[in-house]
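Read the structure below first, then the notes.
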Amino acid sequence: MTAKDSAEKVTKKFESATAIEFRGEHTVTVTPDDFRAVMEYCKAELSLDMLLDASSVDNTGEDPRFALVYELATVDDSVHLRVKTNIAEGDEIPTVSDLWATADWHEREIWDMMGIQFSGHPDLRRILMWEGYPFHPLRKEFPLAGKPSEMPDVAFTGEAPLEGGPFVTSAGAGSRVEAEPRAK
């Protein structure tokens, strides 16, 4: 089976699904209502046993605001299929962490950085920012200079910047090794 075959099977089984092919990559876009059923179908019927990645996109100004993108593959790496769904701000989407264990941390990161809630997730808590941090730093309205922090004893006081922060590479470093966040 190829990625094209997989995409065609999803669009035939689920009326709301649409598929596109761009530069040899196949993406299936589904509604949030069909998302869970499509993911179960991909795992059980199409043998897409690996979740390679899950990410989100903030499309500020559009409705729905967010896009969730899951990269699925077969164990032998012969088929890659991207499953995408669009979700409105404040809505929840069902977790797939019970289908692919790797979704656990991916979905936690998406919640932490973008604020998208996953219903049924077994451990939806912050993974990069500290517990109680009131913002979601990858949203487009979050300024690069950061926002004031009300938690002086947790990390630091004043601004909570991304620029120069613990997860950002240093642009003017002498080498790639010195630019890595771990080098700080």
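The values are calculated or read from the model by the stated rules, or taken from the named source; none is laboratory data. All figures in this text were calculated on a predicted structure; none of them were measured in a lab. Heads up, the Cβs are rebuilt from the backbone with ideal geometry, glycines too, and the neighbour counts pull from every protein chain shown.
A compact table of results
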quantity	calculated
Within segment 51-74, considering residues that are more than 10 Å from the chain's Cα centre (by Cα) and loosely packed, with under 15 Cβ neighbours inside 10 Å, the one farthest from S97 (Cα to Cα)	G61
Residue among L138, L162 that is closer than 25 Å to E89 by Cβ and modelled with pLDDT under 80	L162
Residue tally, condition crowded, with 17+ Cβ neighbours inside 10 Å and free of Cβ contacts under 8 Å to residues at least 40 places away in the same chain, over segment 22-33	0
Filtered residues of segment 85-141 (kept if among the acidic types (D, E), under 19 Å from A37 (Cα atoms) and surrounded by fewer than 17 Cβ atoms within 10 Å (Cβ to Cβ))	D91, E92, D98
